[in-house]
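Derivation of every value follows stated rules applied to the coordinates shown; laboratory data play no part. Predicted, not measured: the structure shown is a model, and the values here were computed from it. A quick note on method: Cβ atoms are made from the backbone with ideal geometry, for glycine too, and the neighbour counts reach across all protein chains shown.
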């Protein structure tokens, strides 16, 4: 299969341009009734509208038409990595979500504390939803498990959820869940998927050793007297922004998962603070040290997930208010978009293409008067797969040579 | 990888339709300021506007979003050949640019005359930029070099630049440059790239023999007492228009490189004269002998490269004036487009999608009132990769059967 990065690697050149990718998570929305306006269209966004008049608009397709992405594929697409080629296992995402710094030899696992009866049969798959304080204490006990040849890390996530990481040479990620997905049966033993490569067989054996020790350690901790494993996955091998684009990239994100996704593609993850204002101050401070900036704003997504149309409008206006801080820095290229749509009408991520705005002096202007789904539908970028936004950003930044003579 | 030509080969049928592909090189442009018009939009183009009302418009993406093509990839795309699959080496393009008729067993090389000192170290990579007359005389001397088993051709390009072609069975094109890209060191020996296939090793040996003889022949010709080799490349194996489309194609182009690109895909290259008027007379004379005509107009690109907005407008109007000569012949399908954009604002090729117009009686009209970037953005073809224009032309010409039952 043709790899876009073969092209960007070959054509990338250096200059002193700066690119900013402003991601309002879940930006795209839906109107509440036919003929109505979306959250973004109702929000007063004077700064984004001004940027739209100076740029060109379009709609970004995160993966393929009809496919609703999670945060992982959504962001990989925005970063220019084909989300169908680079798939991130659930265990890896869970580890990224607690800011665990995964290395290239790591296999990550989502764990659930569960309750076993005297016969070893699961009676509660969530261990009575124990509190986070109990989960944390049990993880500290499990973190002391040692297995020859690998390092073991056990970290709490929330309540009954935890992350386990095995670190060592030659570990594979193709191992099946041990969670049987129902009560009344025993947990499954870790088994390599399908025929099973040697590396995944080794991971299955290590996971089995871990579970044997865990059963003894937790024996007296009912209702959390055992755990199941799900989403066992190896950290994927992803080339870095530096290598494929020649960019020195920085991520300014408040939530751990987005920091983790940025770290996966080799961005420097900066301390972002907790507010958009903190993030803007960090951007200003880091301006001279990097050539690419990924800034992530979470609350357009979370308000959409809450089904709160008005809150999403308000969060969009909050996001808009930060835009002058970005443009004041004089970036060569600014892209504003989301990793997916989260219409409050659906209370979830959706497959709808996402508004995108690219502003640069080299734009072919498209007569857009403001930033919103309807204007984007008529925009000059057309409907474009998210993975092509990075090549476009590089082009507008003068960072790609001509292909062929 | 799926090959579009597997489909066109299978579905192609014969009839007496005629297709004309009118290429205004570098046609796409940019406005000078936000809200302004492009060169094409400012130009008075009554005939193209009339054709736009009778057809359907769109924007053509030469390679992929953000990728700026050279003339080679730009034209291959228009001819329906995936420019990422068929890559043309620099030596081959240079040979095409001097109208050298490359055969399937040819390896072409860009040469630079250079100056060596008494120790064999390069002191001038361009041999003091000798005049074209001197370059021509030295090439005539080198053209007499004989190497057993291959034919050798040496042709002047301009000043210190020349083309060398090795013709023979079993030659490969994967040989590294001998130009060290700096002075103060000796030229490199020809070496196969990477591990080196047997055919490329053979080419490297032949190139070494050539250079040994050249060093003796040029010994007394300082400052041009040696040469370096770059862009060593084999003529790519490209199936012909006849084979993939069933079209008997003719090229009417003034500049050698475009004639050469047409020859690569098996077009008959007609004597085009020097003006657009000459080209139109040639088109009229050849009308009954071919089923496809590629007409190339250079000056929309060269005026763009000069950064001369007004000249590009004037050249576009000159191009427009030729359109009635084409439509008077009654072609079944006319496509008007460029191989890439060359905005005068950028003084270079660019990645911006290119206006395209397809006129045929079978068009679904899109309400276009004229031919320009903004109308094309709203046009019925949408944004389309250039390689799909040929299948569309064949379809509108009634030359493609139904796919499947």
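State the Kirkwood hydrodynamic radius of the stretch A:171-285 in Å, one decimal place, computed from all pairs of distinct Cα atoms.
In the stretch A:171-285 this quantity evaluates to 17.5 Å.
As an exercise, use a Förster radius of 45 Å and the Cβ-Cβ distance of residue A:189 and residue B:191 to find the FRET efficiency, rounded to the nearest 0.05.
0.20
Counting pairs of Cα atoms in the stretch B:254-405, how many percent are more than 26 Å apart?
Tail fraction, whole percent: 30.
So for the pair residue A:158, residue A:248, with labels modelled 7 Å out along Cα→Cβ, what separation do we get in nm?
3.7 nm
Other chains' Cβ within 10 Å of B:25-37 residues: what's the mean?
2
Quick one: B:64, A:193, fewest Cβ neighbours within 10 Å first, how do they rank?
Final ranking by Cβ density, sparse to dense: A:193, B:64.
Provide an ascending nm list, one decimal, of label-point separations from residue B:378 to the equivalent residue in each further copy; define each label point as 7 Å from Cα along Cα→Cβ.
0.7
Looking at the protein assembly as shown, what % of its DSSP beta bridges pair antiparallel, to the nearest 5?
60 percent
Averaged over peptide B:338-351, how many Cβ atoms belonging to another chain are found within 10 Å of each residue's Cβ?
2
Would you mind estimating how fast the stretch A:291-330 diffuses translationally, via Stokes-Einstein at 37 °C and 0.692 mPa s with the Kirkwood radius over Cα pairs, in µm²/s?
The calculation lands on 293 µm²/s.
Averaged over its residues, how many other protein chain Cβ atoms are within 10 Å of peptide B:54-67's Cβ atoms?
Across B:54-67, the average partner-chain Cβ count within 10 Å equals 5.
Starting from a label point 7 Å past Cα on the Cβ side, list the distances from residue A:307 to the same position in the other copies, nm, shortest first.
Sorted ascending, the copy-to-copy spacings read 6.0 nm.
Against the longest principal axis of chain B, how steep is helix B:309-327, in degrees 0 to 90 to the nearest 10, with axes from Cα atoms?
Helix B:309-327 and the main axis of chain B meet at about 60 degrees.
Quick one: compute the contact order of chain B, relative version, from alpha carbon pairs under 8 angstrom and 6+ residues apart, as a percent.
34 percent
Write down the radius of gyration of the stretch A:56-118 and its Dmax, each obtained from C-alpha positions, in Å.
So, for the stretch A:56-118, Rg and Dmax equal 16.0, 65 Å respectively.
What are the radius of gyration and Dmax of the stretch B:364-405, computed over its Cα atoms and given in Å?
12.8, 39
Would you calculate the separation in nanometres between label points at residue B:98 and residue A:87, each defined as 7 Å from the Cα along the Cα-to-beta-carbon direction?
Modelled inter-label distance: 5.3 nm.
Cα-based Rg of the stretch B:1-102 per 2.2 N^0.38 Å, rounded to two decimals?
1.36
What does the convex hull of the Cα atoms of the protein assembly as shown come to per residue, in Å³, rounded to a whole number?
With only Cα atoms used, the protein assembly as shown gives 205 Å³ per residue.
Return an integer: the convex hull volume of the alpha-carbon atoms of the stretch A:14-56, in Å³ per residue.
116 Å³
What's the percent breakdown of Cα-Cα distances in the stretch A:225-313 across 5 Å bins, shortest bin first?
Histogram of Cα-Cα distances, whole percents per bin: 3, 13, 18, 16, 16, 13, 11, 7, 2, 1, 0.
What gaps in nm, shortest first, separate residue B:10 from its twins in the other copies when you place the label 7 Å past Cα toward the beta carbon?
Label point to label point, same position, other copies: 2.8 nm.
Can you tell me the convex hull volume per residue for the stretch B:92-234, based on C-alpha atoms, in Å³ to the nearest whole number?
So the per-residue Cα hull volume is 96 Å³.
Can you give me the P(r) profile for the stretch B:188-235? Cα pairs, bins 10 angstrom wide beginning at 0, each as a whole percent.
Pairs per bin, as whole percents: 24, 47, 23, 6.
Looking at chain B, what % of the alpha carbon pairs are farther apart than 27 Å?
54 percent
How much length would be gained if the chain were fully extended between residue B:281 and residue B:53, taking 0.36 nm per residue of separation minus their Cα-Cα distance, in nm to one decimal?
79.5 nm
Distance from a point 7 Å along Cα→Cβ of residue B:213 to each backbone N in the stretch B:150-170: keep the residues under 17 Å and list them by number.
B:150-156, B:163-169
Any idea how far the Cα center of the stretch A:322-398 sits from the one of the stretch B:38-55, in Å?
Each part reduced to its Cα centre gives a spacing of 30 Å.
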